[in-house]
Each structure stands twice: as C-alpha cells, then as structure tokens.
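Colleague: Supplied in structure tokens, the structure appears directly below.
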Amino acid sequence: MIPGAVREAVARDGERVVYIARDRLLEAMTWLKNTPGQEFNYLVDVTAVEFRDRERPIEVVYFLRSLERRADIRIKVELHAADDLAVESVWGLWHGADWLEREVFDMFGITFRGHPDLRRILMWETYAEGYPLRKSFPLRGRFSRAEQVRQALNANPEAHYSLEELSIAEAGGDLPEDMRDRLRRGERGMIPEPPTPPPSPASP
Amino acid sequence: MKRVGEVQSSNYLLAKFQDLVDWAVNSSRANSLWPMPFGTACCAIEFMATAASRYDFARFGMERQAFSPRQADVLICAGRLPFKLAPVIRRIYDQMPQPKWVISMGACASTGGIFDNYAMVQGIDTIVPVDVYVPGCPPRPEGLLYGILLLHKKIKGESLFDAVRRREEQPLDDKGLRLAPETIDEISEPFGNSIHQFRSS
C-alpha cells in the first residue's frame, strides 16, 4: 500500500479496520479503488464517531466493499477537535459520497474539502443551533422550544429546491411561467437564462 | 343572544328555529367529514387500517379521503412531526377551507412522545389548533374511531348563532407563532423520567 499512509491496521471479529493518516486519505482511497486485487468499487457508507472521552479523536469512518471480490474493508481517519475538522472529499472517486458526506457535515460539522455541494442535508439550511450529533450538543437543542418553533415556522419549505437540485436546469426555458416564478423566488433558486437559439439560416 | 327558556314566545320560536338550523348544519358537517391524512410515521399504518375494510371509517361519513387540503374538513396528523415539517403542516392547515378540524393521532403528534429531542415538535398544538387528541403509541383503529366520534360530538355542539359556541379561527400572527412563547415552552416542558436529562438553556 502507500508507504506511510497506514497508521494502524487491525482485524476485529474478522473485519479489517485500517487507520489512515489524514493527509494521505485521498491517495490511499484511490489506491484501494483502482489497484488490481483491491478494487473496492462500492462506497457503502460514510459516517463519523465522536467518543465521550474528550481525548479521543473524532473518527471519520468509510465502509468500502468490492463487489467482485466480495470483500469489505473499513477505513478510519482520526480528526482532533483542536485542529480544523476537515478531510478530503472522496466524491471524485465515488459519486455516492455526495449525500453521505453532506450528512456527516450536517451532523458533525466535519468539512470535506473538494466536495461539490457541501451543505446541510437533514436539518434545514438556516439551522443555527450547531451540529446535533456532537457530544457538546444538548439533546434538546440550544434554543428554547418557542424559538425553535418560531424558526421552523419561518422556514420556507420550498426554499431548498433549486433548478439544479430538481435536475431540470436545462429545461428552465420550457417550464411554465408560474413554475419559473415559484422557483425564482426560492432562496437558492436561480433560473438560468434560456440559451439563445442559434440564428436560423436564412430560408432560401 | 337569548336562548331557550326565555319567556317571550317570539324569542322562543327564534331559538327553536336556530336549534333546527344548527342541528341540520352540524349533522351535515359531522356526518360527511372528509379527512386529510398527514401520515408521517407508524401511526399512519394504523390510520390506513382504520380506513381499510375491517374498521372502515367510511361508515362515519369519511368515505372520501382528500389528499388535497382544499377539499378537506379534518386534518389527521398521524405520526411525529419534525421541525422541518412544521411549516408544511401549517401551510396545509392554512389551505383547508373553514370550518376545519384537526385530530392529533398518537403520542408523538400530541406531545412529542418519546422524541424529546432537538428535531421534533413537542405537540402539534404548538403549530396548529387541535380538536381531538388520540392517545396511544400507536393508537389502535378503535382508538382513532373513538376520536372521530368524539369529534362528531364536538361538531354537533357548535352553533352558528352563538358567538361562544361558534367555532372561530384566530388569525395567526405574522411572527409565525400560534401561541405565546411562554406557553410553548411550558407545554413543551419534559415530564416523567426525561426531566433528569440535562436541558438546554
């Protein structure tokens, strides 16, 4: 494997767990995906663990599977809360990491560098109370119930959809007028200008 | 408004006539409730069982389930309501034409239930006014039917002519809250074992 990348490799209950140095993660993941004999072509899940022991680092956990070899491996990267909580995104290797990393960002506040669209996925985008799965987060949230209700009611349920997320960006020009208006009013909604039609050749 | 028991015969007749109108209107409303199901969790399974042939709430005039709020009379919130859905159910409720009623089905919709955490509305009565709370986790179909019959009873007690008994929706304030913030905090206060968990400040 990549020299210097593996910090520790253990096998627990027949499952392989490999700890990777943070700055070598992308290199190691590329190796795991592309090397013949490894071919971990399926990213099962990305999650993170914060331990009650404050000394222990936060772990970002990747579950990989090789569909051909029917083999699993678990990759862990340790992040110390004192440092910036950031790792490289593996979106370039497995596009399925898109929402998985967004969820880890939403719940733990871990930044994935190079992620194409890193924003909250479960909580709404204007959620201001922090990252719910961190140990420092109170179970009932930081705000009072009345403030939580007020903020929730003031959220616009349509604001989170943009044309890009609806996968109809290229159809923007063909949408009905009222739908275009509705999407334009959304917080994130940006209507791309319809492409100007090529000048029609003069009819002979 | 003078009611039955006044000595003047004209008022007596008027009151009798009003009672007749109330009876006709309320019976019509109560016996043709069109439900708007808002199922978010396991209570919706019991709701579906209530709608299906074994329990069949069509027997009570709820034949047509309106999946459009604009043709619905009673909103049945079956299941827990996260904060993310709070503006959705508020909008659905605002879209329903009056007169409209709300049944809160199950422990989570009524109080937050076991989900006393950062993500969950602690009772949908902080979002929309609720007429009938059906307890249970989830309630059996008999429980929901009993709640529907209680709602019938409530509707039949309303009056078009009596400002006290007439059902009037309070307009919602522009801040989005239906209740005063102190009230929301009070009714969201944990109880039972959960008071031993630490609380946000």
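Since every read-out is calculated from the coordinates, none of them should be taken as a lab result. These numbers were taken from a predicted model, which means no experiment stands behind them. Cβ atoms come from the backbone with ideal geometry, glycine included; neighbour counts cover every protein chain shown.
Colleague: Within 10 Å of each candidate Cβ there may be at most 12 other Cβ atoms; applying that plus a DSSP loop requirement, which trypsin sites (Lys or Arg not before Pro) in the stretch A:59-141 survive?
Modeller: Passing sites in the stretch A:59-141 are A:69, A:70, A:119, A:135.
Colleague: Still on this model: Quick one: if the Förster radius is 60 Å, what FRET efficiency do residue A:8 and residue B:162 give, using the C-beta to C-beta distance and rounding to 0.05?
Modeller: After rounding to 0.05, the efficiency reads 0.20.
Colleague: Spin-label point model (7 Å from Cα, Cβ direction): what's the residue A:39 to residue A:128 distance in nm?
Modeller: Output for this residue pair reads 5.3 nm.
Colleague: Which residues' amide hydrogens lie under 5 Å from the amide hydrogen of residue B:76, considering only partners 5 or more residues apart or on another chain, with H built in the peptide plane?
Modeller: Hits under the 5 Å cutoff: B:36, B:38, B:103.
Colleague: Could you work out the relative contact order of the stretch A:6-133? I mean the mean sequence separation of Cα pairs under 8 Å and 6+ apart, divided by the number of residues, in percent.
Modeller: In percent, rounded to a whole number, it is 21.
Colleague: For the pairs A:33/B:84; A:76/A:135; B:16/B:100; B:16/B:153, flag any whose C-alpha to C-alpha distance is greater than 31 Å.
Modeller: A:33/B:84
Colleague: Over the stretch B:49-166, what is the relative contact order in whole percent, taking alpha-carbon pairs under 8 Å and six or more residues apart?
Modeller: 23 percent
Colleague: For a quick check of your reading of the filter: which trypsin sites (Lys or Arg not before Pro) in the stretch B:5-104 sit in a DSSP loop and have no more than 15 other Cβ atoms within 10 Å?
Modeller: Answer in residue order: B:54, B:64.
Colleague: Further, regarding this structure: About its Cα centre, how strong a charge dipole does the stretch A:6-133 have in debye, to the nearest 20, once Lys and Arg get +1 and Asp and Glu get -1 at the Cβ?
Modeller: About 340 debye.
Colleague: Follow-up. Hey, what do the phi angles of the stretch A:132-141 turn into as Karplus ³J(HN,Hα) couplings, whole Hz, using 6.51/-1.76/1.60 and θ = phi - 60°, x for Gly and Pro?
Modeller: With coefficients 6.51, -1.76 and 1.60, one gets x, 8, 6, 5, 7, 8, x, 4, 9, x Hz.
Colleague: What FRET efficiency comes out for residue A:139 versus residue A:51 if R0 is 25 angstrom and r is the Cβ-Cβ distance? Round to the nearest 0.05.
Modeller: For R0 = 25 Å, the calculated efficiency reads 0.90.
Colleague: Residue by residue, what Karplus-based ³J(HN,Hα) values in Hz, rounded to whole numbers, does the stretch A:38-50 have, using 6.51, -1.76 and 1.60 with θ = phi - 60° and x for Gly and Pro?
Modeller: Using θ = phi - 60°, the values come out as 9, 6, 7, 9, 10, 8, 6, 7, 10, 8, 9, 10, 10 Hz.
Colleague: Further question on the same structure: Out of A:90, A:107, A:35, whose Cα points farthest toward the positive end of the dipole of the stretch A:6-133 (charges: +1 Lys, Arg; -1 Asp, Glu; placed on Cβ)?
Modeller: A:35
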